[in-house]
Amino acid sequence: MKGKSRSRPVHLPAKAALNNQRANPSPPTTTQKKVAPPPATKRPVKRKKPPGLVVYALRLLIFGMGTWVLAGTLLSALNPATRMNQQAKEKSARPIAKAEPIVALPPAIKLNQEIIPLKTAVQQLGAKNKGLTPGAFFIDLDTHNYLDWNGSLPFAAASTIKVPVLVAFFQDVDAGKIRLDEKLTLQKKLIGSGSGGMQYQPLGTKFTALNTATQMIVISDNTATNMLIDRMGGIAKLNERFQSWGLVSTKINNPLPDLTGTNITTPKDMGELMSLVDRGELMSLRSRDRLLEIMRRTKTRTLLPPGLGEGAIIAHKTGDIGSMVGDVGLVDMPNGKRYIAVAMVKRPHNDSRAQELIRQISRTTYQHFTKPPALQVTPSPTPFIITSPQAVEEGQSPR
């Protein structure tokens, strides 16, 4: 009808309708149900009880003790005496790694007077042999009178070096480091040419330690010597032991046979070593007697022995290479006297005069010791007297 107004639907643009919908969301439908979260369980709150008097007392006690300990530690650290004591304790408690035991030097023999008449006699023998350099060291073990002629001069040791090796061997026997019946195996690296027959045995052949030591001395077996050196720890270890005995100049530098003479010693070193053996300073008396018994069986008897009288007994070891010959021994005379005899001679290659000179020195010394004791006393020095030039020119001796 014309007189009544009719409402018309308002058509909103699509964007406005979307904004209207966001602003006025429609209520949820009946199919969507909201799940309420489970009610939170309330735990009863425990109230801390105030600490009692006992707890406070304990805390105070612990605090006080800690304070006293801290203060005591601080005062102790600041005290010099305490620090020194602590350092001493720490030092003593430290382990000494690979420390070698300190070995006291054996007492050296106390020598008395040099035997001047004997020294003069042997020097005269040397003067007759130009080109030879002799060295001798003899000790009368009854009086401790001695002869020292170039005794501290180094010589090639040759096979005389086997004497200190034998001494070291019996030391180790006494210490339980080596058994006499222990088996030593022949190895290629230990074979030495020259003296001895062990070098010709098959590799792997076994010898008892006592037999090896015996062959080293009796027939001067070089292979046996190298086997013993190896068994006792090697060259360096043995040199340290020689030094500990007071042998200041005796040293092994190469295995045997050492034909070039690099192994060295002195007549005095060897003489002092034999004096230590005689007194039993380096080994037990049983081992000393066994050592001397082996040395009395030495086959080569061309140096010191020919100069001895009938009935004399010598325990000795010789050495012989192109540049040197020598003999080291301990002589027992029929009259009961015992003396140490060491004679060495440097020489032109294989000069046979050196052997003869040692025989002469041995004979002269033995004859001196056969004299009655009253005749062996070293005379007092002749007082110095000024003479006139005329007397000197005429060859007159002072009176």
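What follows is calculated from the coordinates using simple rules that are stated; it is not laboratory data. Nothing here was measured: the structure is a model prediction, and the numbers come from that model. Don't worry about glycine lacking a Cβ; one is built from the backbone with ideal geometry, like all the others, and counts go over all protein chains shown.
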**Request:** Go ahead and run the numbers for FRET between residue 310 and residue 244, Cβ-Cβ distance against an R0 of 51 Å, rounding to 0.05.
**Result:** 0.80
**Message:** Take residue 262 and residue 181, extend 7 Å from each Cα along the Cα→Cβ direction, and tell me the distance between the two endpoints in nm.
**Reply:** 3.9
**Message:** Using 20 Å as the Cα-Cα cut-off, could you pick out the over-long pairs in 128/251; 162/299; 177/268?
**Reply:** 128/251; 177/268
**Request:** Return the Cα extents of region 284-349 along principal axes one, two and three, sorted largest first, each rounded to a whole Å.
**Result:** 39, 27, 18
**Message:** Suppose a student asked you for the relative contact order of region 139-287, using Cα pairs under 8 Å spaced at least 6 residues apart; what percent would you report?
**Reply:** 31
**Asked** What's the exposure ranking of 366, 146, 200, going from fewest to most Cβ atoms within 10 Å?
**Response** 200, 366, 146
**Asked** What's the exposure ranking of 60, 238, going from fewest to most Cβ atoms within 10 Å?
**Response** 60, 238
**Message:** Along each principal axis of its Cα atoms, how long is region 142-278 end to end? Whole angstroms, biggest number first, please.
**Reply:** 49, 34, 25
**Prompt:** According to the Kirkwood expression over distinct Cα-Cα pairs, how big is the hydrodynamic radius of region 116-370, in Å?
**Reply:** 18.2
**Message:** Only four residue types carry charge here, +1 at the Cβ of Lys and Arg and -1 at the Cβ of Asp and Glu. Report the dipole size of region 116-370 about the Cα centre in Debye, rounded to the nearest 20.
**Reply:** 400
**Message:** How would 282, 153 line up from fewest to most surrounding beta-carbon atoms within 10 angstrom?
**Reply:** 153, 282
**Prompt:** Within region 105-149, whose backbone N sits under 18 Å from a point 7 Å along Cα→Cβ of residue 353?
**Reply:** 122-136
